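Worksheet for the structure shown next.
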Amino acid sequence: MAGYLARRILGALLVMWAVATLVFFMMRAVPGDPLAAMLFDSGDPAAAEDLRKALGMDVPLVEQYARWLFQLVQGNFGTSIYGSQVPVRQLLAEALPRTLSIAGLSFVVACALAIPAGIVAAMRKNSPADNALTLVAFLGLSMPDFWFAILLIIVFAANLQWLPAIGYTPLSEGFWPWLSHLLMPALAAGTTFSAIIARMIRSSMIEVLKTDYMRTARSKGLLTWRILVVHALPNALIPVVTVMGIALALMLAGTVVVENVFAIKGLGRTLIEGILNRDYPVVQGAILAVSAIFIGSNLVVDVLYTVIDPRIRYA
């Protein structure tokens, strides 16, 4: 396992380097000059040249890449070239906890809805309960995040006034203020993925419930909950964990929609603003963070396989 983890970490670093390199050169291949936006198209060549030198953009592209890569190895993501020129590391440190909070709570909501629904649908295959849960799952898959988010705002913020409509409060300022600002974003982001996970749990549980050892467990007179929780669910989790890992990565990297609806400046919104402003360091840093999230999620899923099923070993 140690050798496998070492190889995976090395491969992850290579993938992140390849992604960062592609983003570096592709951003600079897009037509347009970010300095023009920074100078509000003043047309002052001297000011543009001074700013280009100050930002290190007056040297050949290969030299810019080498400088950036050297700084990256040292943990320096550079400085934003737009607005107040804040260090990218500071922007990511502010945005990442917000995205992690939304995605983490969304994942909890998705699992809390999906696991019971999937088990009930598998146990009541082709019954009215199964058909109803299947219909709800398809509705969840069909609802756009932004539409459901706006609906939640209308009901719980505008009409009932139970929850704040926009903004984010750090956990350090209190659990309820933090949670109250995240409940609606988490519901909006987690509902779609709960439908996907529920369908996967249903399919996997149906296959497991057909096996010989499950019939043996029932013939021994074991309680239904024990058969489901102790025997069936662990053996049905291998494909489900794969889907959960992908869903968590997508939640972490794809919260930009709910972040915009609820005016929360997380990682996705920071990335979009960087792209619109052609802010090279911000885009590169944000995409590196997204790449790390996806790669880390895949690695965690692979390790969880061995925890769920001890028969799985990596050479």
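The values are calculated or read from the model by the stated rules, or taken from the named source; none is laboratory data. It should be emphasised that the depicted structure is a prediction, and the values quoted were computed from it without experimental measurement. Because the Cβ atoms are built from the backbone with ideal geometry, glycine has one as well, and the counts that use them run over all protein chains shown. For accessibility, only protein heavy atoms count, side chains too; no ligands or nucleic acids. Shrake-Rupley method; radii C 1.70, N 1.55, O 1.52, S 1.80 Å.
For the range 185-287, taking Cα atoms only, Rg and Dmax work out to 20.5, 66 Å respectively.
Per residue, the range 156-315 exposes an accessible area of 47 Å² to a 1.4 Å probe, with every protein chain left in place. Considering all projection directions equally, how large on average is the shadow of the alpha-carbon convex hull of the range 116-205, in square nanometres? Its average projected convex-hull area is 6.9 nm².
Quick one: if you stick a label point 7 Å off each Cα along the C-beta vector at Q71 and E207, how many nm between them? Reported label-point gap for Q71 and E207 is 4.9 nm.
Under 22 Å from the Cα of K210, which lysines turn up, not counting those fewer than eight places away in the same chain? Candidates past the 8-residue exclusion: K125, K220.
At the listed q of 0.16 Å⁻¹, the Debye profile of the chain, built from one uniform point per Cα, gives log10 I(q)/I(0) equal to -1.30.
Here the 3J(HN,Hα) profile of the range 166-173, calculated from phi with Karplus coefficients 6.51, -1.76 and 1.60 at θ = phi - 60°, is 9, x, 9, 10, x, 4, 5, 8 Hz, Gly and Pro shown as x.
Size descriptors for the range 58-196: radius of gyration and Dmax over Cα atoms are 21.4, 69 Å.
Computed with a 1.4 Å probe over protein heavy atoms only, the accessible area of R8 comes to about 70 Å².
For the range 159-245, report the translational diffusion coefficient in µm²/s to the nearest whole number, using Stokes-Einstein at 20 °C, 1.002 mPa s, and a Kirkwood Rh over Cα pairs. Each step should come with its number before you reach the end.
Values: Rh = 16.1 Å.
The calculation lands on 133 µm²/s.
Of all accessible surface on the chain at a 1.4 Å probe, what whole percent is carbon and sulfur? That fraction is 69 percent. Screening the chain for whole DSSP H helices with an alpha carbon extent of at least 20 angstrom along the helix axis and a mean Kyte-Doolittle hydropathy of at least 1.0 yields 2-29, 88-123, 128-142, 175-209, 233-253, 280-308. Hey, in the GNM for the chain with a 10 angstrom Cα cutoff, which one of Y305, Y213, Y168 fluctuates hardest? It is Y213.
Here's how it looks for T79: its modeled amide H is under 5 Å from those of V88, which are all 5 or more places away or on a different chain.
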